[in-house]
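The values are calculated or read from the model by the stated rules, or taken from the named source; none is laboratory data. Predicted model only: the values in this text are computed from it and were never measured. All accessible areas refer to the heavy atoms of the entire protein, side chains included, with ligands and DNA or RNA removed. Shrake-Rupley method; radii C 1.70, N 1.55, O 1.52, S 1.80 Å.
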Amino acid sequence: MIGKKIRMICVVILFASITVSRSTAADITMRIAFQAPKTHYSVQSVLFFKSQVEQRSNGKIQVKIHDYTSWLEEQEANHNKSEEKIKLFFFDKEIPIAISNGSLESGMASLSRFSEDVPLVDIFFQPFLFDTEKKVKLATDSKSVIRIAIEREIQNLGLTVLWWQPYGNVVFVSKGEPIRNPEAMRGKKVRVFSRTMGNLALSAGGFPVSISNSRQYFAYKHNKVDIGMTTILEIDRYKTWEVMDTISLSNSATIQFLIVVNTRWWNSLDFKLKTIISNAAEKAQKFANEKLKEMESNAFRKALENGMTLEVLSDDDRDYWKEKSFPIYERYLEDSGPSGQELFDLATETMLYE
């Protein structure tokens, strides 16, 4: 768990105490880390945020990017130099820990990384609760009761959320026939990338197989699995139409990332600087939502142009999936307690979305 790891892990190469960095170029240095390369869609909002903060602060705040590509380049450049000068790179699972213990001011990590310490976050993986764009937008809005409750729990880890980065909804990909209802998944091997998705496959009588994004194309091509749970952006990214021919628009879960800062560092900033960063974060989330919509539209178009069939699930199909998902809902409520029940009730309340 993140909370336990914070007390156990020592940063061997570098450890930055929580102080405001001073230099002639900027009054504040805000290091922000993420696992993806700068060219990845999810990073565009971070680059937008960087430009907004540096421009609006007149250079008083410098946002320094720590990403995988830059890390590789610096490793090469510092090959024969001392290790102290080599910049650290953090994987997705390490970023919340590094921010909590002060090795970084900020970073981006998948929402699911917080599930062990904050069971409430798994509300977004509960099958078919947030199966429309409107529901997701309302639930992740800065004034959403669901979002506020989750951020309050995350703050107990020493982290403050700046904005939510959407990554799209989960869809099913298959070959030869759509996956409209649980019967179509029975007896099939299913690519998943989370425990809750695995439980959904099990509830339908399927056999979940955990496969990373980078390996899913190989898995489909060589029949390691029959069905895939993925996103439309990943279908486009990996040209899944070369190995699968059908998209079932399940929207069974929504994938979110969080951009968080160290709370102690955040509280050390004056009101003016906090306002600049907060405003930039709000704009970054709006930018991310608009960009996602545009990119998903293009991805759907490309998938159809390359021969994929799009299947839209009926209301009866969705109701059947929800019925099969009752054990998953019960597990979530057991893990998250009364607070989870409150969020679950809110997520399933029709009036919220009218």
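Here are the numbers for this structure:
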| quantity | calculated |
| --- | --- |
| Inverse mean reciprocal Cα-Cα distance (Kirkwood Rh) of the range 300-354, Å | 14.0 Å |
| Considering only the range 128-270, percent of DSSP beta bridges that pair antiparallel, nearest 5 | 75 percent |
| Accessible-area composition of the range 173-320, carbon plus sulfur, in percent [1.4 Å probe] | 49 percent |
| Helix-only [θ]222 nm of the chain, DSSP H runs n ≥ 4, -39500 (n - 2.57) each, per residue, nearest 500 | -13000 deg cm²/dmol |
| Rounded to the nearest 10 Å², the accessible area of PHE125 at probe 1.4 Å | 20 Å² |
| Largest-first ordering by accessible area, 1.4 Å probe, given options SER194, SER339 | SER339, SER194 |
| Computed Kirkwood radius, in angstrom, where 1/r is averaged over Cα pairs of the chain | 21.5 Å |
| With all protein chains modelled, accessible area of ASP236 [1.4 Å, Å²] | 40 Å² |
| Pairwise centroid distance, computed over Cα atoms, of the range 163-205 with the range 286-343, Å | 10 Å |
| Solvent exposure ordering (accessible area, 1.4 Å, most first) of SER112, SER325 | SER112, SER325 |
| 5 angstrom amide H check on PHE128, placed H, neighbours 5+ away | ALA253 |
| Under 5 Å, built H, 5+ apart or other chain: amide partners of LEU162 | ILE259, VAL260, VAL261 |
| DSSP-defined beta bridges in the chain - what % are antiparallel, rounded to 5 | 55 percent |
| Computed over the chain: relative contact order in percent, which uses C-alpha pairs under 8 Å that are six or more apart | 22 percent |
| Pairwise Cα inverse-distance average, inverted: Kirkwood Rh of the range 190-316 (Å) | 17.3 Å |
| Surface accessible to a 1.4 Å probe, GLU151 within the full protein complex, Å² | 40 Å² |
